[in-house]
């Protein structure tokens with residue numbers, strides 16, 4: 001701000017970003033320290049009073065900026081993060097169970113419902129005949145999307161079926177459009193974005209590997225959905 005010769009932080013932002021002064025998703029380069037905003041407001045009040053603005057009184061400024069302790073004044077007040085009933089009030093109600101709250105889209109149970117539905121409805125074509133996965137095949141790839149660091153593709157699922165369930169790789173996935181020189185199996189089968197966000201926050205963001213292993217293993221054991229007695233699956 002000083003290098004640009006700007007009087008206030010807003011003047012500096014306007015000079016540096018003439019086209020857009022707002023933050024955008026994933027880019028918070030225009031986030032400003034609150035103390036600089038307070039300084040700007042103070043200068044604005046002073047200028048407005050010099051220009052005869054009746055609404056820019058010292059009493060009003062004190063209400064906004066406080067007594068200089070960075071605690072009093074509207075500018076320095078901050079509501080606590082959403083939790084408890086306030087957080088639940090953000091959820092709508094189920095279409096069918098009118099008294100029940102909807103499951104958050106990024107919750108473990110909602111994402112697992114999506115994955116199990118896709119797994120149960122999946123059809124493969126073997127020698128021209130379509131069939132669903134056997135119990136053994138489903139059990140052997142049940143944890144597949146949870147062990148990936150990103151999305152799970154059809155190709156990765158096929159590899160899991162051939163290596164862990166002993167399924168021949170000579171099959172196609174029903175619903176995919178197979179064309180020469182193009183492999184449709186690279187398409188995404190499922191992506192557990194909520195699960196991955198939590199993993200990244202704990203493991204990559206704060207290096208809480210042991211904590212994540214405990215949370216993830218407990219969640220998978222409680223919501224396994226199928227018996228895993230037919231084959232071993234790491235993790």
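Derivation of every value follows stated rules applied to the coordinates shown; laboratory data play no part. The model shown is predicted, which means the values in this text are computed figures rather than measured ones. As a convention, Cβ positions derive from the backbone with ideal geometry for all residues, glycine included, and neighbour counts pool all protein chains shown.
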Most exposed to least, judged by fewest other Cβ atoms within 10 Å, 36, 122 sort to 36, 122
For the chain, set up a GNM with springs between Cα atoms under 10 Å and report which of 110, 38, 210 has the largest fluctuation.
38
Build a GNM of the chain with springs between Cα atoms under 10 Å: which of 30, 155, 163 gets the top mean-square fluctuation?
30
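Using a 10 Å cut-off around each Cβ, can you sort 95, 72, 167 from fewest to most neighbouring Cβ atoms?
Listing 95, 72, 167 from fewest to most nearby Cβ atoms yields 95, 72, 167.
For 153, 117, what's the fewest-to-most ordering of other Cβ within 10 Å of each Cβ?
117, 153
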For the range 115-161, what relative contact order do you get, as a whole percent, if you take Cα pairs closer than 8 Å and at least 6 residues apart?
26 percent
Return the distance in nm (one decimal) between the two label points of a simple spin-label model at residue 116 and residue 11, each offset 7 Å from Cα along Cα→Cβ.
6.3 nm
With just the Cα atoms defining each centre, how far is the range 106-149 from the range 1-52? Give it in Å.
53 Å
Helix 108-121 versus the longest principal axis of the chain: what angle, 0 to 90°, nearest 10, using Cα atoms?
30 degrees
